[in-house]
Amino acid sequence: MKRLEHLFKQNQEWAENIKADNPDFFTNLAAQQTPEYLWIGCSDSRVPANQLTGLLPGDIFVHRNVANLVVHTDVNSLSVLQYAVDVLQVKHVIVCGHYGCGGILAAMRGETSGLIDNWLLNVQDVYDKYQSQVDAIEDDGARADYMCEINVAEQVTNLCKTSIIRDAWGRGQQVAVHGWIYSISDGLLRDLDLCIEKSTEVAGIHQTACDLAKPYLNK
Ligand SMILES: [Zn+2]
């Protein structure tokens, strides 16, 4: 128990299974990584990027934090983004939120948990920006679901505003920023129709985020 032996045992089995299909898998992977995707998702243990997309090691570059936020002063996420776009030349940057996100719910309820309250002020900012749309939804669950969706929209906007994405587009590099949401209750991803491929499309994100409220208004 002290050394978590079961995790090492499972790791050995996992590596054996992959090698059974492709004996050179790890040898080839050790030479280089050429992922096409950067995933920015929530740290929630129920939202594992590789498993839910069916991707193998080497296929997807991953950054996760609580509530899948892209904060312009966060050197960690910006460094991941810069390396992925400039060096790895990923073609797609995906922000994936999820319904029932504890970070979003805590921010909406004004719960206090310590240091993380400051991080979640970024979610509070999302609410402040879309307050009239959020408050127009009567059902608590629907309101929370909508908040999870517009939080993704805001992070897509934040990504597109970074010098990293703007410079990439400016030099003609093809990189698309996508906004997705994942449902823990059925294991399915949903595209929020937020696929931004050039700077002129960024202004439209706000309206898309407002329109996402429509299905919730009569609930
Ligand atoms: Zn979450």
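The values are calculated or read from the model by the stated rules, or taken from the named source; none is laboratory data. Because the structure is predicted, anything quoted here is derived from the model rather than measured. Neighbour counts are summed over all protein chains in view; Cβ atoms, including those assigned to glycine, are modelled from backbone coordinates with ideal geometry. Each accessible area value is taken on the protein alone, full model and side chains, heavy atoms only, with ligands, DNA and RNA left out. Shrake-Rupley method; radii C 1.70, N 1.55, O 1.52, S 1.80 Å.
Report, to the nearest whole %, how much of the accessible area of the range 33-216 belongs to carbon and sulfur atoms, 1.4 Å probe, protein only.
Details: 4230 of 8560 Å².
The computed percentage sits at 49.
Treating only the Cβ of Lys, Arg, Asp and Glu as charged (+1, +1, -1, -1), what charge dipole size does the chain show about its Cα centre? Round to the nearest 20 debye.
On the way: 17 positive and 28 negative charges, 78 e Å.
Once rounded to the nearest 20, the dipole reads 380 debye.
From the mean inverse distance of alpha carbon pairs (Kirkwood) and the Cα radius of gyration, derive Rg over Rh for the range 70-130.
Numbers: Rg = 14.2 Å, Rh = 13.5 Å.
When Rh is taken as the Kirkwood radius, the ratio is 1.06.
So how much accessible area does Thr34 have, in Å² to the nearest 10, using a 1.4 Å probe?
It works out to around 100 Å².
Could you give the nm distance between label points at Gln207 and Leu56, where each point is 7 Å from its Cα heading toward the beta carbon?
4.4 nm
Would you calculate a helix-derived [θ] at 222 nm for the chain, using -39,500 (n - 2.57) for each DSSP H run of n ≥ 4 and dividing by the full residue count, to the nearest 500? Walk me through the intermediate numbers first.
Values: 11 runs with 100 residues, N = 219.
Computed ellipticity for the chain at 222 nm equals -13000 deg cm²/dmol.
For a label point 7 Å from the Cα of Ala136 along Cα→C-beta, name the residues of the range 181-212 whose backbone N is under 11 Å from it.
Inside the label zone: 210-212.
At 1.4 Å probe size, with no ligands or nucleic acids counted, give the accessible surface of Ser113 in Å², nearest ten.
Ignoring ligands and nucleic acids, Ser113 comes out at about 90 Å².
Can you give me the distance in nm between label points at Asp21 and Gln33, each placed 7 Å from the Cα along the Cα-to-Cβ direction?
With each label placed 7 Å out from Cα toward Cβ, I get 1.9 nm.
Running a GNM on the chain with Cα contacts under 10 Å, which residue among Ala67, Ala203, Ala31 ends up with the highest mean-square fluctuation?
Greatest mean-square fluctuation among the candidates belongs to Ala31.
With no solvent and one equal point scatterer per Cα, compute the Debye intensity ratio I(q)/I(0) for the chain at 0.09, 0.11, 0.13 Å⁻¹ and report its log10, rounded to two decimals.
The computed values of log10 I(q)/I(0) come out as -0.41, -0.60, -0.80.
So what's the gap between the Cα centers of the range 126-192 and the range 31-77, to the nearest angstrom?
First find each Cα centre; the distance between them is then 15 Å.
Note down, for the range 105-145, the three equivalent ellipsoid semi-axes (square root of 5 times each alpha carbon gyration tensor eigenvalue), biggest first, whole angstrom. Don't jump to the answer; show the numbers that get you there.
On the way: eigenvalues 81, 27, 7 Å².
Calculated on Cα positions only, the semi-axes equal 20, 12, 6 Å.
Out of Gln131, Cys96, Thr208, whose Cα points farthest toward the positive end of the dipole of the chain (charges: +1 Lys, Arg; -1 Asp, Glu; placed on Cβ)?
Checked the options; the winner is Cys96.
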